[in-house]
Amino acid sequence: MLKIKTSSEEETIKLGKKLGSKLNPGDIVCLQGDLGTGKTTFAKGICAGLGVTAPVTSPTYKMVNEYRGELKVIHLDLYRIHEEDELYDLGFEEYIYGDGVAIIEWPDKAGSLMPDNYLDIHFQGQGDDREVRFIPQANKYIGLVAELKQDVDFNN
Amino acid sequence: MSEEFLTLGIESSCDETSAAVVRGGKEVLSNIISSQVDWHRKFGGVVPEIASRKHVELMNPVIDEALAEAGVSFADLSAVAVTFGPGLVGGLLVGISAAKSIAYAHDIPLVAVNHIEGHIYANFISHPELEPPVVCLTVSGGHTDLLYFEDLGDYEIIGRTIDDAAGEAFDKVARVMEAGFPGGPAIDKLAKKGDPEAIDLPRPMINDSSYDFSFSGLKTAVLNYINNTKQRGEEINKADLAASFQQAVVDVLTAKIMRAADDKGVDNVLLSGGVAANSQLREQLQEKLEEQGKELYYPETRICTDNAAMIASAGYFNWQQNQEAAGYDLNAEPNLQLGE
């Protein structure tokens, strides 16, 4: 596990950008944490790291936003999902098992449809201070998180 | 002839499945919105599960109901207009498929409509005499777009949210305050009993030179206030918090609209989308505009939120202007922008 502290929105975006630049086709990133802890802000960073130039906004209402950078980016938000059944109507599996990168906010709402292999990222904190924890839930993310750690250490 | 022109509108871009019949572009004969129908009473349990986004199950009953309430049949229709974006691809495809089938079977034009453009037309249904140029704020759970246009069909997006939509901030703040659902009306009601100056909250980007909006930081400020107050073991005054939060949103929206109306030199300002139903926004904006001899327009509340009447209206005027029907290869465009 890797723990990183950020102390402003800009730093959270910068961290997301570093992660984004390391992601590969088929990668799934889950963002967990309470309302207002920086999930969408971090997602903006991931998109920037993947070369998305379009404005990245909250997907809460639409549930899915799609972007195109160097890869296709699917930004999902399951906040408004009440039961698993609704995910079939949404086409959840078609979205996340594609050839792009999938970012999922509120992944715990996915229940049994939650993917097996993903990079889990937890957010907590108040005011401007955030703690971001990276927990690889698949072997392929272990190297990626190690690389991210080096990158962050190097820059500090 | 145009008075007899009947357009069937179909909308299924997000949560609602909706169908409507509109005569001559502005007269709504029926406007059926799935969440507002008492399905159990109507069908006695034939439609077993009425969750949102069940577009496939709801589309045919909603269209049938729209035709029945308007007292017309498929054969009477002159055109069918359908939302083809922006929205969720699954829902959009259900509406588009239904519209194509009807257009093909009855040999009438299929007209593709942008959902945001539909919201603009809601104002022209409620105020048939209205003429551009106008500045229009479309503000809902999914959108916060500030538009300027001199001609219908030729829109310029001059500002938009860079993070959360205003309606989303209302919903999320209502959720953490346990103010009730839906969040917008719940906060509006609660705020009437509170002091809008009780709690000092930020007005994000209010002095920024762009027309863009940001509501994520305001949402976080409210969350921090709630957490800090609880940590001190103090009671939260919900009415004061609702009033202070609403005032912050309304101040930002009003400031940007006023500046846009001034910069563009327009006398008419429109609101559309679900948040256009907010009483504080309407009152404050009306007052400020009146001071400058300008006028505020907003749709009747029943056509503020997602509905098919506004799609039928937009479709009618698009057809009258261009006589351009969409092909049967029309596809859903989840990221459709205005003007595409």
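Tally up the residues in region A:120-139 that are more than 14 Å from the chain's Cα centre (by Cα) and touching a residue at least 24 places away in the same chain (Cβ under 8 Å), please.
So the count comes out to 6.
With respect to the numbered conditions (1) open to solvent by less than 40 Å² (accessible area, probe 1.4 Å); (2) facing another protein chain (nearest Cβ under 9 Å); (3) within 27 Å of B:Ile226 (Cβ to Cβ), which one is the sole condition not fulfilled by A:Asp77?
(2)
For region A:1-96, which fully contained strands (runs of 3 or more DSSP E) count at least 2 residues that are among the hydrophobic types (A, V, I, L, M, F, W, C)?
A:2-6, A:28-32, A:72-77
Just one of B:Arg282, B:Arg302 is assigned to a helix (DSSP H, G or I), closer than 27 Å to B:Thr83 by Cα, open to solvent by 30 Å² or more (accessible area, probe 1.4 Å) and basic (Lys, Arg); which is it?
Within the list B:Arg282, B:Arg302, the selection yields B:Arg302.
Out of region B:56-85, which residues are open to solvent by 10 Å² or more (accessible area, probe 1.4 Å) and within 20 Å of the chain's Cα centre (by Cα)?
Correct list: B:Phe84 only.
Given the condition open to solvent by less than 10 Å² (accessible area, probe 1.4 Å) and assigned to a helix (DSSP H, G or I), answer yes or no: does some residue in region B:321-331 qualify?
Among the residues of region B:321-331, not one is open to solvent by less than 10 Å² (accessible area, probe 1.4 Å) and assigned to a helix (DSSP H, G or I), which makes the answer no.
Can you tell me which residues in region B:133-144 are open to solvent by 20 Å² or more (accessible area, probe 1.4 Å) and either of a type in the set (Val, Ile, Thr) or at pLDDT below 95 (or both)?
Passing the criteria: B:Gly142, B:His143.
Would a scan of region B:75-90 turn up a residue that is part of a strand (DSSP E or B), at positive phi and small (Gly, Ala, Ser)?
Yes, because at least one residue in region B:75-90 is part of a strand (DSSP E or B), at positive phi and small (Gly, Ala, Ser).
Could you please give the count of residues in region B:149-181 that are in a loop (DSSP other than H, G, I, E, B), open to solvent by less than 40 Å² (accessible area, probe 1.4 Å) and within 7 Å of another protein chain (Cβ to nearest Cβ)?
3
Can you tell me which residues in region B:287-305 are at pLDDT 95 or above, of a type outside the set (A, V, I, L, M, F, W, C) and under 22 Å from the mean Cα position of the chain (by Cα)?
Those that are at pLDDT 95 or above, of a type outside the set (A, V, I, L, M, F, W, C) and under 22 Å from the mean Cα position of the chain (by Cα): B:Glu295, B:Tyr297, B:Tyr298, B:Pro299.
Can you tell me which residue among A:Tyr61, A:Tyr118 is in contact with a helix residue (DSSP H, G or I) (Cβ under 6 Å, 6 or more places away or on another chain) and either surrounded by 19 or more Cβ atoms within 10 Å (Cβ to Cβ) or within 30 Å of B:Tyr225 (Cα to Cα) (or both)?
Going through A:Tyr61, A:Tyr118 in turn, just one is in contact with a helix residue (DSSP H, G or I) (Cβ under 6 Å, 6 or more places away or on another chain) and either surrounded by 19 or more Cβ atoms within 10 Å (Cβ to Cβ) or within 30 Å of B:Tyr225 (Cα to Cα) (or both): A:Tyr61.
If I filter region B:81-106 down to residues being small (Gly, Ala, Ser) and in contact with a strand residue (DSSP E or B) (Cβ under 8 Å, 6 or more places away or on another chain), which single residue comes out as farthest from the other protein chains (Cβ to nearest Cβ)?
Of everything passing the filter in region B:81-106, B:Ala103 is farthest from the other protein chains (Cβ to nearest Cβ).
If I ask for residues that are under 30 Å from B:Thr305 (Cβ atoms) and basic (Lys, Arg), which ones from region A:16-65 would you list?
A:Lys39, A:Lys44, A:Lys62
Taking the conditions exactly as written (of a type outside the set (Val, Ile, Thr), within 11 Å of chain A (Cβ to nearest Cβ) and open to solvent by 50 Å² or more (accessible area, probe 1.4 Å)), does B:Arg203 satisfy them or not?
no
Does region A:32-61 hold any residues that are within 14 Å of the chain's Cα centre (by Cα), away from chain B (no Cβ under 14 Å) and either over 30 Å from B:Glu178 (Cα atoms) or aliphatic (A, V, I, L, M) (or both), and which are they?
Of everything in region A:32-61, those that are within 14 Å of the chain's Cα centre (by Cα), away from chain B (no Cβ under 14 Å) and either over 30 Å from B:Glu178 (Cα atoms) or aliphatic (A, V, I, L, M) (or both) turn out to be A:Ile46, A:Gly49, A:Leu50.
Does A:Gly98 fit the bill of being within 14 Å of another protein chain (Cβ to nearest Cβ), more than 15 Å from the chain's Cα centre (by Cα) and not β-branched (Val, Ile, Thr)?
Yes; evaluated as a whole, the condition is true for this residue.
Pick from B:Ala308, B:Ala248, B:Ala260, B:Ala243: which is within 30 Å of B:Ala174 (Cβ to Cβ), assigned by TED's automatic domain parsing to the domain that holds B:Gly184, crowded, with 19+ Cβ neighbours inside 10 Å and touching a residue at least 60 places away in the same chain (Cβ under 8 Å)?
B:Ala260
The values are calculated or read from the model by the stated rules, or taken from the named source; none is laboratory data. Model, not experiment: these values are computed from the prediction. Note that we place each Cβ from the backbone using ideal geometry, even for glycine, and neighbour counts take in every protein chain shown. Note: areas computed on protein heavy atoms with side chains; ligands, DNA, RNA excluded. Shrake-Rupley method; radii C 1.70, N 1.55, O 1.52, S 1.80 Å.
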